[in-house]
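This report concerns only the one structure given below.
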Amino acid sequence: EETNVPEMLEEVADRFSFQLQQKDIEIDIAIEDGVSHVMLDRDKIDQVLDNLVSNAIKYTPEHGSIRIEARQSAKSSALEVSVKDTGIGIPKKDLARIFERFYRVDKARSRNMGGTGLGLSIAREIIKAHGGTIYLESELNQGTKVTFTLPVKDEERVAG
Ligand code: ATP
Ligand code: MG
């Protein structure tokens, strides 16, 4: 459906306000000019955003920060959204497998974190079904950034 992107991103942050406050994690949302409405399956994209933000909170120590960015990439007329954290990061050797079902980094560190290891694989399925792409960059003990793109038709971009 027709979705107001800035509003959608504010709402995901709101859904996590309790957990963010509990860990004293700062969240900021940066939206570039030109980002407004796109057609998307709101429930599915919320599921993706919820997973990315919950991962960011889970794997970021207290007093860290999370940044959500949205931009309209000029060359491919795609909406680009990223969720970046200042957390524990992911070892290089695990990066290639991180979108696989049930794949979790080092059982010891994720044992007490809850979850099944399905979130990122579901996110990838959803983004693929929208014709988009999703990828992850990470630096151990520095943080992680997950970016997804969604194709936007020109007529959608001018609407609203
Ligand atoms: P679920 O999403 O099913 O509750 P999960 O969060 O463990 O469980 P995924 O979201 O698929 O599963 O993530 C897979 C693994 O990737 C995680 O277990 C964790 O090891 C690693 N990971 C994901 N996001 C981050 C992040 N932001 N920082 C550090 N590690 C991450
Ligand atoms: Mg997850």
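Starting with the fewest neighbours, write out 125, 10 ranked by other beta-carbon atoms found within 10 Å of each beta-carbon.
10, 125
Could you name the lysines in cross-link range of residue 128, using Cα to Cα under 21 Å and dropping any fewer than eight places away on the same chain?
Within reach: 44, 75, 84, 145, 153.
Given points 7 Å out from each Cα along the Cα-Cβ axis, report the residue 133 to residue 2 separation in nanometres with one decimal.
In this crude spin-label approximation the distance works out to 3.0 nm.
Taking only Cα atoms, what is the 0 to 90° angle, nearest 10, from helix 5-15's long axis to the longest principal axis of the chain?
For 5-15 against the chain, the angle is about 30 degrees.
Please compute the modelled spin-label separation between residue 77 and residue 39, points set 7 Å along Cα→Cβ, answer in nm with one decimal.
Using points 7 Å along Cα→Cβ, the separation is 1.2 nm.
Compute the helix-to-body angle for 119-129: its Cα long axis versus the longest principal axis of the chain, expressed 0 to 90° and rounded to tens.
20
Can you compute 3J(HN,Hα) from phi for each residue in segment 45-57, using the Karplus curve 6.51 cos²θ - 1.76 cosθ + 1.60 with θ = phi - 60°, rounded to whole Hz and x for Gly and Pro?
The phi angles translate into 5, 4, 4, 5, 4, 4, 5, 5, 6, 5, 4, 4, 6 Hz.
If you plug each phi of segment 20-37 into the Karplus form 6.51 cos²θ - 1.76 cosθ + 1.60 with θ = phi - 60°, what whole-Hz ³J(HN,Hα) values come out, in order, with x for Gly and Pro?
5, 5, 4, 9, 6, 9, 7, 10, 10, 10, 10, 10, 6, 4, x, 8, 9, 10
Determine the distance separating the Cα centre of segment 55-125 from the Cα centre of segment 1-51; give it in Å without decimals.
Using only Cα atoms to place each centre, the spacing works out to 15 Å.
Rounded if a/c is under 1.5, else prolate if a/b is larger than b/c, else oblate: which is the chain, with a ≥ b ≥ c the root eigenvalues of its Cα gyration tensor?
The shape class here is prolate.
We did not get these values from a lab; they are worked out from the coordinates using the rules stated. Everything numeric in this text was worked out from a predicted model, so none of it was measured. Don't worry about glycine lacking a Cβ; one is built from the backbone with ideal geometry, like all the others, and counts go over all protein chains shown.
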